[in-house]
Amino acid sequence: MKEGYHRKTCKVCGTPFWTLNADQDVCMDSPCVDYTFEKINVKKPLTVDEARQAFLGFFERNGHTVVSPRPVVARWREDLYLTIASIVVFQPHVTSGIVPPPANPLVISQPCIRLEDIDNVGLTLGRHLSIFEMGGHHAFNKEDDWKYWKEETVSLAIDFFEKEIGIKKEDITLKESWWEGGGNAGPSFEVVSGGLELATLVFMQYKVTEKGYEPIPLKIVDTGYGIERIAWFTQKTPTAFHAIYGGLLDETRRKLGLQTPEPAILRSLFVRAGRLKPSDRNSISQIIAEVSNETGIDNELVTTTFMNEARMYSVVDHSRTLVFMLADGIVPSNQGEGYLARLVLRRALKQLLLLGSSTDILLWLIDKQIDMWSRTYKHLRERYTYIMEVVDIESQRFLENINTNMSKALSVIATGNTDSLKKIYQEYGIPPEIVAREYERRTGRRIDVPDNFYAQLARESSFRIEKKEEAPPALLGLPETRRIFHENPYASMVEARVLYSSRDGVVLDQTVFYPTGGGQNSDTGYIIKTTGEAVKIKEAVNINGRILHVLDNPNDYVLLKEGEPVRVAIDWERRYRLMKHHTATHILLGSLRRVLGPHVWQAGAEKTPDKARLDITHYKPISTQELASIEELANKIINMRIPLKFYMMDKNIAEERYGFSIYQGGVPMSKQIRIVEIPGHDAQACYGTHVTNTGEVGALKITSIKKIQDGVYRIEFVAGTEVSRYAMNLEDEIRKTAEIIGGSGELSTRARKMIELYDELKSMLSRYRKYALRKIKEELVSSSVSVGEIKIAVFRDELGDDELSTQLLKELVTENQELLVLRLACSQSGCTIEISAGEKAVKKAHAGMLARELASRLNGKGGGKDDHAYLKIPGIISVEKLRELALQLVSGSA
């Protein structure tokens, strides 16, 4: 550590720290101390924009290259959905040493989203945010290319806060810590002043694995400066939200109809904010009591002010988070990053309902946030329509869920356990707090929702599950297979030499076999010996660059000796159809993004010789007109006969040129990536085989589209000669349909007449049902038998019309609340008895109990609720016998 600094141990938390003050005995971080940074002088108050520029400018002047921020959706990561820190931008490719950094050293101000503490947002007055900007200066040190390490990093931090912000060195404390994130770890210093942590200086040296910490080839300076916290520190506002959003808070408060809080309450809460522990309700109660005592303001008013302000702050924060998530192409859904976006959105809507406000305010806030932040992040304005439409649709769905599913949710929440609360949120789409409030209103009983409920859901859903295939040890020593299928995808045969042969398969020095991957089926074919003997290959797989040819008969491996020359031949006709379908997939995806919007992202794909499918993210049904436009554009691209371009390109250059949409099919873990470009239409990192000109695809026809889950649509299509085959099959179906319909003239005319006849018969049936319903009701009510205060009616259902029977029972017991109705329906296999009871009849005759008693007498099985039940019996019973039994059983309890 620099000269003059003393290493001390905090008397409160026991953490080691460094300071220039010899008599300092606490680390100066909250909750060890209250916030005192309002008393620390700075050069001038800074807005968030000014704090960002001050940070970037300082480090640029100190030899760092400014790097543009990446999206908040970590499209370049296979293990993480959101960008949670600036170092995530460079993990794992740069931090593992595979890819060089875009500059070294560099500086970035990266918007980040962390949802692991989302339940704390608002309650800690700004110490926790779901979205924030992390200023990071990074140096990637190698033994032969060393930049700087601990001493220089600490010096840069102190110089920045002293010279740029104006904080005296004596007011800066360096608290020792340890940091882990995104798969890496290392020791760190937390830069603290006046109770507020302003930056973390991490010295990254390890990779986090299941076995523990493994050294990485680089020594990485990974710093995180809180841009919003710097603005808060310099402005001395009561909360970070005041520093970030300024006048928007007052506008929002007026929209919500909330009272302007007493300044004394906010100031007193501010001092103690570092000690607020949302997970500890006693902590909140204690601080509210302290504020009440200090200000002389009633405890209840302080509590109301605090909770209303905290909820409002969280809604404002979440609206900004949503703007960035949606602008970067997230489609709300029930999995992945879509699940996390929906979680933020529903939590914001929940807070509005708990404030007694309209959910429409969220749309108003979203509009304001786009206007505020698009001055710096231009893409937010470009995605305005998409963002607003998605929030509107999701808000309507949210309210519909509450209206439709509240009764189900109320029955589940009574159990009060965490699993039931998760079920309410995940299956019914309702925040459990809303259900708990309604439950308490109806029953007077309180159900507590865990304070970290949403944070726990976020933690469970923030990481992707990686699938790792272990390579057979014998393959690891082999050179990578030369990929002739990339050099010349039209080659159907090549001379090769056997490098490895076992029951697992065969590895050659080069091959024309494309291995299964990227949604494209593997090639099939033969390995042919010089004697002419052929060994059938059913599949090829890529294992760390070695192409393993899987034998149709594993015992054939004995026929192929290591070092033996062979010929490799694929089924060319099959391969060519695969190439057409793969290129067609790229054409279709480019067309989908053009027509529907850049939020469309590939969620899955499969290319077979006969057809292909593409799963995409989208937030609403695709209309017939949109589908026609997509198909028309795709075929236009085909007819333009655009030559495809194939590049092996440095990863950094590819990302800079094409953006992160190149990772539709996944992220290659390599320094160089293969780019397949249809100039002016689509570019992707792709391993697959393609035709060299869009014209070779021939044609593309979308055969079906369906929603396979919330936010994901599956599009099936055919290309090339398969379009002709599809048309022939369609013509055959039309011919068969015409034969079934019969008649003469155009098929559409005949079909229309049939539909008109169907509608006429349907209308007639409805009239007959109404007539029959009235007559049967009259007969049953008049023939019902009184048993005490209730009446029993029994009838045999001769019509077998389920719709009529359901309506009949419903109307009978609604209009005659003292009536108990038994419907008997028999077939050769036995009888079914359905029992319905009116509201008054239920009090004397429980339908479910009656069903069980009848079942016992008649050797059947049955049961049900108090007002509706079923039973089945093996034999045939008459109406008279059933009436007699029912009368006996009911009279015994009447």
Worksheet item: Counting only DSSP beta bridges with both residues in the chain, what percent are antiparallel, rounded to the nearest 5?
Response: 90 percent
Worksheet, complete the sentence: Taking a label point 7 Å from the Cα of residue 209 along Cα-to-Cβ, the residues of the stretch 78-114 whose backbone nitrogen sits under 17 Å from it are 92-93, 95-98
Worksheet item: With respect to the cross-link table entries 529/645; 607/701; 408/762; 423/840, which display a Cα-Cα separation exceeding 24 Å?
Response: 529/645; 408/762; 423/840
Discussion item. Exceeding 23 Å between C-alpha atoms, which entries from my cross-link table qualify? They are 378/651; 44/169; 11/43; 11/207; 277/350.
Written reply: 378/651; 11/43; 11/207
Item to complete: Identify, among 411, 444, 330, the residue whose Cα sits farthest towards the positive end of the charge dipole of the chain, taking +1 on the Cβ of Lys and Arg and -1 on the Cβ of Asp and Glu, with the dipole about the Cα centre.
Response: 411
Worksheet item: Given R₀ = 25 Å, FRET efficiency for residue 772-residue 817 by Cβ-Cβ distance, to 0.05?
Response: 0.65
Item to complete: Quickly rank 322-330, 244-252, 613-621 as a protection proxy: mean count of other C-beta atoms within 10 Å, highest first.
Response: 322-330, 613-621, 244-252
Discussion item. Suppose R0 equals 41 Å. What FRET efficiency, 1/(1 + (r/R0)^6) with r the Cβ-Cβ distance, do residue 843 and residue 427 give to the nearest 0.05?
Written reply: 0.75
Worksheet item: Between residue 861 and residue 627, what length in nm is gained on full extension when 0.36 nm per residue of separation is reduced by their alpha carbon distance?
Response: 79.1 nm
Discussion item. What are the ³J(HN,Hα) couplings of the stretch 281-292, residue after residue, when phi is run through the Karplus curve with 6.51, -1.76, 1.60 and θ = phi - 60°? Round to Hz, x for glycine and proline.
Written reply: 5, 5, 4, 5, 4, 5, 5, 4, 5, 4, 5, 4
Discussion item. Could you work out what % of the accessible surface of the stretch 95-253 is carbon and sulfur, using a 1.4 angstrom probe and leaving DNA, RNA and ligands out of the count?
Written reply: 47 percent
Worksheet item: Using the Karplus equation 6.51 cos²θ - 1.76 cosθ + 1.60 (θ = phi - 60°), what ³J(HN,Hα) coupling, rounded to whole Hz, does each residue of the stretch 117-129 give in order, writing x for Gly and Pro?
Response: 10, 4, 6, 8, 4, x, 5, 9, 6, x, 5, 10, 9
Worksheet item: the stretch 430-452 to the stretch 688-765: how many Å between their Cα centroids?
Response: 50 Å
Worksheet, complete the sentence: Honestly the chain on the Cα gyration tensor test (a ≥ b ≥ c root eigenvalues; a/c under 1.5 rounded, otherwise a/b vs b/c for prolate or oblate) is just oblate
Worksheet item: Around residue 879, with a cut-off of 11 angstrom between Cβ atoms, what is the net charge of the other residues, counting Lys and Arg +1 and Asp and Glu -1?
Response: 0
Practice prompt. Within the stretch 7-38, report the trypsin sites (Lys or Arg not before Pro) that DSSP leaves as loop and that have at most 12 other Cβ atoms within 10 Å.
Written response: 11
Discussion item. Between the stretch 781-801 and the stretch 201-279, what is the separation of their alpha carbon centroids in Å?
Written reply: 70 Å
Worksheet entry | Peptide ranges 47-60, 304-317, 757-770 listed from the most packed, as the mean C-beta count within 10 angstrom indicates | 304-317, 47-60, 757-770
Worksheet item: Measuring from centroid to centroid over Cα atoms, what is the spacing of the stretch 485-500 and the stretch 99-170 in Å?
Response: 49 Å
Discussion item. Could you sort 681, 137 by their accessible area in this structure, using a 1.4 Å probe and putting the largest first?
Written reply: 681, 137
Worksheet item: Which cross-chain or sequence-distant (5 or more) residues have an amide H under 5 Å from the amide H of residue 603, H modelled 1.01 Å from N in plane?
Response: 615, 616, 617
Fill in: DSSP-loop chymotrypsin sites (Phe, Trp or Tyr not before Pro) across the stretch 136-167, with at most 16 other Cβ within 10 angstrom
146, 148, 149
Item to complete: Please list the non-local residues whose amide H lies under 5 Å from the amide H of residue 693, H modeled 1.01 Å from N, same-chain partners needing a gap of 5 or more.
Response: 644
Worksheet item: For the peptides 484-493, 567-576, what is the packing order when you average, over each peptide's residues, the other Cβ atoms within 10 Å and list the highest mean first?
Response: 567-576, 484-493
Practice prompt. Starting from the Cα-Cα distance between residue 672 and residue 636, subtract it from 0.36 nm times their residue separation and give me the gain in nm to one decimal.
Written response: 9.8 nm
Practice prompt. Stick to Cα atoms and the Kirkwood definition of Rh, then tell me Rg/Rh for the stretch 502-558.
Written response: 0.95
Worksheet item: What is the chain's relative contact order, in percent, from Cα pairs under 8 angstrom and six or more apart in sequence?
Response: 8 percent
Worksheet item: What value, in deg cm²/dmol to 500, does the helix sum -39500 (n - 2.57) over DSSP H runs of n ≥ 4 give at 222 nm once divided by the residues of the chain?
Response: -13000 deg cm²/dmol
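The values are calculated or read from the model by the stated rules, or taken from the named source; none is laboratory data. Model, not experiment: these values are computed from the prediction. Here the Cβ is made from the backbone with ideal geometry for all residues, glycine too, and neighbour counts use every protein chain on show. These area figures cover heavy atoms from the full protein model, side chains too; ligands, DNA and RNA do not enter into them. Shrake-Rupley method; radii C 1.70, N 1.55, O 1.52, S 1.80 Å.
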